[in-house]
Amino acid sequence: MSVTRRQLLWAGTGIGAAGILAACSGGGADSKGAATSGAEAGKPRAGGTLRVGALGHASAITRDPHGTQANESDYLVIALVFDTLTVPGAKANTAPRLATSWEPSADLKTWKFRIAKGAVFHDGTPVTADDVVWSLKRLRGTPSGAARLPGIQAKNISAEGTDTVVLVSDYANADFPLMTRFSSFVLKKGTKDADIAKAPGTGPFKLDWFRGGNARLVRNDQWYGPAVHLDAIEVTMFETPQAMANALLAGQIDLASNAGAVAARTAASRKDVQVLRRPNDMAMPIVMRTAKGSPFADERVREAMRLVVDREAMVKQVLSGYGTVANDILGTGDPDYAKDIPQRKRDLAKAKRLLRDAGFDLSKTYELVTTEDISGLADSATLFANQAREAGIKIKVVKQESGAFWEKTWKSGDFYTSYWGTNDSVVFFASKTMVSEAGQNEADWDDAGFDAAYRKVIGSSDPKKRAAALKELQQIEHDRSGYLLWGMADGIDLAASKVRNLPKLPGYGRVQLEGVWLR
């Protein structure tokens, strides 16, 4: 999962524009948060191999750090081998990585990122601003480039000396560093596409081998960051959470990432297993295409669908209680999340009235397309279809294989399930999935009021102006968007008792494994 599609990774806390500007020095950000379940007991021990299980499908494997990673297993490998400019943080949601600091111009259009001193590629070659510029231009040239670097054109990315990268936005954007967390992977200048699979990175681990989705990574002793304790990490790709959890319980792997609620219940009584629960971890929305010609183009129909769902039942049955009810606004972990917008509740009578007023054809059967990429996703579609039947809506759930789903349905289907992590910022999701220009606009939503509110938010560093615009943006999203976000799933990781200092950040923050050690 996330941006790139699954690269919209997943972090725990958030800061607004004022916080980002205050953190421009990068000095106060902490990207090394660790799980508290026995994680900090004892002095770190050097050595050992961490065996990690991560979800993925053979049909969706990619080796390109600027490609679309539909597999968590692929992103895990890429994120440990290559560095992004910034990463999710624990104290602030944007923390330094390959860029040690950043600062904006007075008009919030020009951002300068300074490269970490001592950063080198795995072959010993120093990282220069030219490498970063080349990499960002390559990223911008991908099909999702506009979404990955919003407001930035390739011609407006340049080097200033050997250690500073300058990016000039088409519009003021106080939140731009936030946008560089997940896909701004840096390669050597001039790397050919044919050589990507073996290209040296700058990350804490080097690729030893990769076979059919599985990989072995070894410690990079030249890494510019804090000391890495592990000798190696072995990644095994699993197609289902159940198979991955079974491997953990059988002692075949040491860490099962994103194993799900069923696995958590199974492992709860095991003293030799840590159950790491990450609240507010994953959004599992139903997407309704808003474009003309879609059955859901009328916002009254979308509102009716949001009134049909029984959110409490969804959380209880789909997530086994390992989650919370949501209110159709993405970015629930944002400190500025609009908790004062009244929680939408089930109202079948109003839903039926809205459908009647909109002329919605209840004689038809509508396909809701889903995939089994993550635990509970297909179940959520089935339960929603059953609930919708009570309002007279006939829905057929169609399950697609992962590769076909992301190629044929995502961003183009009328009615389908999706999932996202990195729920620490409302603005992050707005920029990636909802403004009309977003490259990953899943619902094909084009709302002038929403776009205007978004520009107000990112165009100001004044806390009061920003707060007012952010509230307006969330109200519009709640009322008119193409999302039905019924709940937030907890992230569930399982780990052997010997594993220490696991990252505590939700979502894809879990890939920051460079600080892990084995007892």
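I need the semi-axes of the equivalent ellipsoid of region 276-405: take the C-alpha gyration tensor, multiply each eigenvalue by 5, square-root it, list largest first in whole angstrom. Show your work: numbers first, answer last.
Numbers: eigenvalues 117, 74, 41 Å².
Computed over region 276-405, the values are 24, 19, 14 Å.
Quote the FRET efficiency, to the nearest 0.05, computed for Arg519 versus Lys316 with a Förster distance R0 of 25 Å and r equal to the Cβ-Cβ distance. Working shown, then result.
On the way: r = 36 Å, r/R0 = 1.46.
It comes out at approximately 0.10.
Spin-label point model (7 Å from Cα, Cβ direction): what's the Ser59 to Ala349 distance in nm?
Between Ser59 and Ala349, the label points sit 4.6 nm apart.
Please work out the FRET efficiency for the pair Ala106 and Arg300, using the Cβ-Cβ distance as r and a Förster radius of 56 Å; give the result to the nearest 0.05. Intermediate values should be presented prior to the final figure.
Working: r = 44 Å, r/R0 = 0.79.
The formula returns an efficiency of 0.80 here.
Taking the C-alpha atoms of region 201-262, how large are the radius of gyration and the largest Cα-Cα span, Dmax, in Å?
Cα radius of gyration and Dmax of region 201-262 are 13.8, 40 Å respectively.
Which length gain, in nm to one decimal place, applies between Ser363 and Asn214 when the Cα-Cα distance is subtracted from 0.36 nm times their residue separation? Intermediate results must be reported in sequence, preceding the final value.
Details: separation 149, 0.36 × 149 = 53.64 nm, distance 4.78 nm.
Here the segment from Ser363 to Asn214 would lengthen by 48.9 nm.
Taking the alpha-carbon distance from Lys498 and a cut-off under 20 Å, which lysines remain once sequence neighbours fewer than 8 residues away in the same chain are dropped?
Lys32, Lys43, Lys271
Find how many whole Å separate the alpha carbon centroid of region 441-474 from the alpha carbon centroid of region 161-227.
30 Å
Once you've got the Cα coordinates, tell me which of Lys91/Lys137; Lys339/Lys504; Lys432/Lys456; Lys316/Lys411 are over 19 Å apart. Could the numbers behind the result be given before it?
Working: Lys91/Lys137 30 Å; Lys339/Lys504 24 Å; Lys432/Lys456 16 Å; Lys316/Lys411 29 Å.
Correct reply: Lys91/Lys137; Lys339/Lys504; Lys316/Lys411.
Using mean Cβ contacts within 10 Å as the protection proxy, how do 154-161, 276-283, 308-315 order, highest first? List each step's numbers first, then the result.
On the way: 154-161: 14.4, 276-283: 22.8, 308-315: 20.4.
Averaged packing, sorted descending, gives the order 276-283, 308-315, 154-161.
Starting from the Kirkwood Rh over alpha-carbon pairs, what translational D in µm² s⁻¹ does the chain have by Stokes-Einstein at 10 °C and 1.306 mPa s? List each step's numbers first, then the result.
Working: Rh = 23.1 Å.
So the translational diffusion coefficient is about 69 µm²/s.
I'd like the carbon and sulfur percentage of the solvent accessible area for region 42-145, probe radius 1.4 Å, heavy atoms only, ligands and nucleic acids excluded.
52 percent
Ala232 to Ala197: extension gain in nm, 0.36 nm per residue of separation minus the Cα-Cα distance?
Values: separation 35, 0.36 × 35 = 12.60 nm, distance 1.88 nm.
This chain segment gains 10.7 nm when fully extended.
What share of the DSSP beta bridges in the chain is antiparallel, in percent to the nearest 5?
Numbers: 50 of 66 bridges.
Around 75 percent antiparallel, to the nearest 5.
Per residue, how big is the convex hull of region 133-244 when only Cα atoms are used? Give it in Å³.
Working: hull volume 19.1 nm³, N = 112.
Convex hull volume per residue, Cα atoms: 171 Å³.
Would you please state which residues of region 194-216 a label at Gln252 would reach in this model, taking the label point 7 Å out along Cα→Cβ and a backbone N cut-off of under 14 Å?
214
Just to check I understand the Karplus step: with θ = phi - 60° and J = 6.51 cos²θ - 1.76 cosθ + 1.60, what whole-Hz values come out for region 459-471, glycine and proline as x?
x, 9, 9, 6, x, 5, 5, 5, 4, 5, 5, 5, 5
Among the lysines, which fall within straight-line cross-link reach of Lys396, defined as a Cα-Cα distance under 17 Å, with same-chain neighbours fewer than 8 residues apart omitted?
Qualifying lysines at Cα under 17 Å: Lys364.
Provide the per residue accessible area, probe 1.4 Å, for the chain, rounded to a whole number of square angstrom. Can you show the working numbers first?
Values: 18600 Å² over 519 residues.
Heavy-atom accessible area per residue stands at 36 Å².
What is the packing order of peptides 328-337, 82-91, taking the mean over residues of other C-beta atoms within 10 Å and listing the highest first?
82-91, 328-337
Can you list residues whose amide H is under 5 Å from Leu187's amide H, if they're 5+ apart or on another chain and H is modeled 1.01 Å from N?
So Leu187 has HN proximity to Ser135.
Mind checking the alpha-carbon convex hull of region 455-500 and giving the volume per residue in Å³? Can you show the working numbers first?
Numbers: hull volume 7.1 nm³, N = 46.
Looking at region 455-500, the number lands at 155 Å³ per residue.
Taking 0.36 nm per intervening residue step and subtracting the Cα-Cα distance, what contour gain separates Asn386 from Thr125 on full extension?
Numbers: separation 261, 0.36 × 261 = 93.96 nm, distance 5.82 nm.
That pair, Asn386 and Thr125, stretches by 88.1 nm at full extension.
Quick check: the distance between the Cα centres of region 241-258 and region 58-77, to the nearest angstrom?
20 Å
Can you compute the helix-only [θ] at 222 nm over the chain? Use -39500 (n - 2.57) per DSSP H run of at least 4 residues, normalise by all residues, nearest 500 deg cm²/dmol.
Working: 14 runs with 127 residues, N = 519.
Computed ellipticity for the chain at 222 nm equals -7000 deg cm²/dmol.
Run the accessible area of region 429-489 with a 1.4 Å probe and give the carbon-and-sulfur part as a rounded percent. Can you show the working numbers first?
On the way: 970 of 1960 Å².
The nonpolar share, carbon plus sulfur, comes to 50 percent.
Just want to confirm a number: the relative contact order over region 111-252, from Cα pairs under 8 angstrom separated by 6+ residues, in percent. Walk me through the intermediate numbers first.
Working: 202 pairs, mean separation 32.4, N = 142.
Over region 111-252, the number comes to 23 percent.
Quick one: P(r) of region 56-201 from all Cα-Cα pairs, 5 Å bins, percents rounded to integers, in order of increasing distance.
The calculated distribution, bin by bin, is 2, 10, 19, 24, 22, 14, 7, 2, 0, 0.
How about Lys471: which aspartates and glutamates have a C-alpha closer than 15 Å to its C-alpha, ignoring those fewer than 8 places off in the same chain?
Qualifying aspartates and glutamates at Cα under 15 Å: Asp328, Asp334, Asp336, Asp340, Asp451, Asp462, Asp479.
The values are calculated or read from the model by the stated rules, or taken from the named source; none is laboratory data. Just so we're clear, the structure is a prediction, and the values are computed from it rather than from any experiment. Every residue, glycine as well, gets a Cβ built from its backbone with ideal geometry; the counts of neighbours run over all protein chains shown. Keep in mind that these areas ignore ligands, DNA and RNA; they rest on the heavy atoms of the full protein, side chains included. Shrake-Rupley method; radii C 1.70, N 1.55, O 1.52, S 1.80 Å.
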